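Step one of this worksheet: look at the structure below.
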Amino acid sequence: MGEETLEEVQQRIDVLSTLEDKIKLIKTNKDEAIYLVGPIRLPVNLHGETVVFNWYSWLKTTEVTENFQTVINQLSTANLSDYQQSSVLVYGDFEYGDEALIRMHSICHTGDIFGSKRCDCGFQLEQSMKMIVEHGTGALFYLANHEGRGIGLFSKAMAYILQENGYDTVEANEALGFADDLRNYDDAIQVLKALRSKPVTLITNNPRKLKALKSAGLSVSGRTPLWGDVSEYNEKYLKTKVKKSGHLS
């Protein structure tokens, strides 16, 4: 490659100066880091009204550097579209507000995008956003690589076939060689710590999420349950989560 022209150099400088104040390096250990990008103003259609959130996305990498130009230079060759990245929607004064609701929401392609009634994920996603806005302060973490409680979309499709043939949601995952729940919240917790140090109230029915936050030393002031959208299509699924996965009412 030839040397950069003055115009190319100036463009690179302009891009870096625009982006660098929006990039934060979170060091997880000497060999890994999380790059957090944001906040970005994101108007969202919520129950027919436009609500403005602040949106962040993050990327975990073994490239640990505070030279953000290096990070930017690698974007076009990193094939990031082949992988999922997580993000977080923040509402209100999340950093300093005394009370904040948070939701650790696992990606659900069928429920969140298509509105599937086989689970309650789409309902929980929209309802938790509504709860956060009504509360006035909070954050919704949308977690990649959590599809099907960590088994992935393709495996989830196979699990659905098993469920149509008599297996419950836990039995189907286990029959395919997986544990009931493979999800990990470590990266989301690192991002939460970077955004807020004050206590949070967790929107969840899942005691494992609550345990993950407390085990990481976060100050959790309470838990708010989130049930609803029960139908003939997901009644067995919801009962199984209580009976076998220990979900709380």
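The values are calculated or read from the model by the stated rules, or taken from the named source; none is laboratory data. Just so it is clear, the structure is predicted and the values come from calculations on it, not from any experiment. Positions of Cβ are backbone-derived with ideal geometry, glycine not excepted, and every protein chain shown enters the neighbour counts.
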Within segment 1-29, how many residues are under 19 Å from Arg41 (Cα atoms) and in a helix (DSSP H, G or I)? 7
Do we find that Ala159 is out of contact with any Lys or Arg (no Cβ under 8 Å at 6 or more places or on another chain) and crowded, with 20+ Cβ neighbours inside 10 Å in this structure? yes
Among the candidates Ser57, Ser87, Ser81, Ser17, residue that is over 18 Å from Ser128 (Cα atoms) and either in contact (Cβ under 8 Å) with a residue 12 or more places away in the chain or β-branched (Val, Ile, Thr) (or both): Ser57
Can you tell me which residues in segment 164-179 are touching a Ser or Thr at 6+ places or on another chain (Cβ under 6 Å) and among the acidic types (Asp, Glu)? Asp168
Here's a check for you: in segment 79-113, which residue that is in a loop (DSSP other than H, G, I, E, B) and of a type in the set (Gly, Ala, Ser) is farthest from Lys156 (Cα to Cα)? Gly97
Working carefully through the options Val64, Val52, Val37, find the one that is out of contact with any helix residue (DSSP H, G or I) (no Cβ under 7 Å at 6 or more places or on another chain) and at pLDDT 90 or above. Val52
Does Leu192 fit the bill of being without any contact (Cβ under 8 Å) to a residue 24 or more places away in the chain, surrounded by 15 or more Cβ atoms within 10 Å (Cβ to Cβ) and either out of contact with any Leu (no Cβ under 8 Å at 6 or more places or on another chain) or in a helix (DSSP H, G or I) (or both)? no
Residue that is surrounded by the most Cβ atoms within 10 Å (Cβ to Cβ), among those in segment 134-150 that are in contact with a helix residue (DSSP H, G or I) (Cβ under 6 Å, 6 or more places away or on another chain) and at pLDDT below 95: Gly148
Could you check how many residues of segment 199-241 are surrounded by 14 or more Cβ atoms within 10 Å (Cβ to Cβ) and either outside any helix (DSSP H, G or I) or at positive phi (or both)? 17
Let me confirm something: among Thr77, Thr137, which residue is out of contact with any Phe, Trp or Tyr (no Cβ under 7 Å at 6 or more places or on another chain) and β-branched (Val, Ile, Thr)? Thr77
Segment 114-131, subset in a helix (DSSP H, G or I) and over 15 Å from the mean Cα position of the chain (by Cα), residue surrounded by the fewest Cβ atoms within 10 Å (Cβ to Cβ): Lys130
Restricting to segment 132-170, and then to whatever is aromatic (Phe, Trp, Tyr) and farther than 29 Å from Lys193 by Cβ, can you tell me which residue is farthest from the chain's Cα centre (by Cα)? Tyr167
